[in-house]
1. Quick one: Karplus J couplings for the range 83-92, per residue in order, coefficients 6.51, -1.76, 1.60, θ = phi - 60°, nearest Hz, x for Gly and Pro?
2. If I model a spin label at VAL162 and ARG202 as a point 7 Å from the Cα along the Cα→Cβ vector, what separation in nanometres do I get?
3. Could you compute the FRET efficiency for SER223 and ALA100, with r as their C-beta to C-beta distance and R0 at 35 Å, rounded to 0.05?
4. Pulled fully out, how much extra length does the chain show between LYS125 and ASN216, if you take 0.36 nm times their separation in residues and subtract their Cα-Cα distance?
5. Would you mind calculating the gained length between LYS175 and ASP93 on full extension (0.36 nm times residue separation, minus the Cα-Cα distance), in nm to one decimal?
6. Per the helix-only calculation at 222 nm, which mean residue ellipticity applies to the chain, given -39500 (n - 2.57) for every DSSP H run of n ≥ 4 and division by its residues, nearest 500 deg cm²/dmol?
7. Using the Karplus curve 6.51 cos²θ - 1.76 cosθ + 1.60 with θ = phi - 60°, work out ³J(HN,Hα) for each residue of the range 39-55 in order, rounded to whole Hz, and write x for Gly and Pro.
8. Around PHE251, which amide H atoms from residues at least 5 apart in sequence, or from another chain, sit under 5 Å from its own amide H, with H modelled in the peptide plane?
Amino acid sequence: MKQTLTALFASLVLAQGCSSPHAFLRELYPQSKEAQRLTVNSDEKQFFRVRHSEKEGISEISHLVATEEFEEAWIYIPKEDEWWEIGQASWKDSVGVYTALNYSLLELLAGVSDEVIHYHIHPEKTLRKLSTPPLLPGTPPPALTLTEWALPSDIDLYSSLVQSCDVASHFPGKKIRFKVASPAGIVEYAPVKSTFEEICSRDFPKRHRAFRDAVNQTVLGLSFNFTDVSRKLVDGREVDTPTVIYQGDYFSYTFTRY
Ligand SMILES: [Zn+2]
């Protein structure tokens, strides 16, 4: 009996300790620093966290999309209304802009939260200067289209599958979602549950190959266009948002205007 009571008290104490997992995280992750607003931070050793609702965060992100040259990424925790910067180094070349993620911080946040949303930005200033690789040698490289600005890249899609698979296997019942912010607005890209779960259960490298195929099929299967980024038109017409703009075998895309 005594043992049972002790165990009960121990579990109560533990439950209390778990009621604010993010306070614990702040201590566990002293590199993170509280800030007043979301920024694009190039210091690789410093990570900021901001207490904002999703709406407040998106409003600041839309400003960063319009003014910044480099990418940034965050984990937003809906239950806590807190944003954690997870982007490490960001760099660009003639065809892309990239961010390395602080993956250990991402896993910590996903592990202590019921649901997290992974946000990243596609900055307009840089997108305007980018081009896709030339189709034929010696021909001018085509500029990136508005649709390419607004949608997740093949790397974004692949990375989302790896992260979703990691969360599903290490933290059953927890959820990670993915959203990209561009001048057009926000696109949420979500792996389709049934096909994703089947592929995720396979061993590497079979899983890796299947993820690559899923990404290729998605990118090739897109059949809509963002035709005017300032008026945020899809296929030349205004759409109510949020709107599902693509539903494939492996991903669905939902578009929301700012
Ligand atoms: Zn991206």
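1. In residue order, the calculated couplings are 10, 10, 5, 10, x, 9, 7, 10, 8, 9 Hz.
2. For the pair VAL162/ARG202, the computed spacing is 1.7 nm.
3. 0.65
4. Once the chain is fully extended between LYS125 and ASN216, it gains 30.0 nm.
5. Going from the current span to full extension adds 26.2 nm.
6. -12000 deg cm²/dmol
7. Ordered by residue, 3J(HN,Hα) equals 9, 8, 10, 9, 6, 6, 9, 10, 10, 9, 10, 9, 8, 8, 6, 5, 5 Hz.
8. Excluding prolines and chain starts, which carry no amide H, the hits are VAL192.
Rule-based calculations on the coordinates, nothing more; no lab input. Owing to the predicted nature of the structure, the values given are computational and were not obtained by experimental measurement. Quick reminder, even Gly has a Cβ in these numbers, built from the backbone with ideal geometry, and neighbours come from all protein chains shown.
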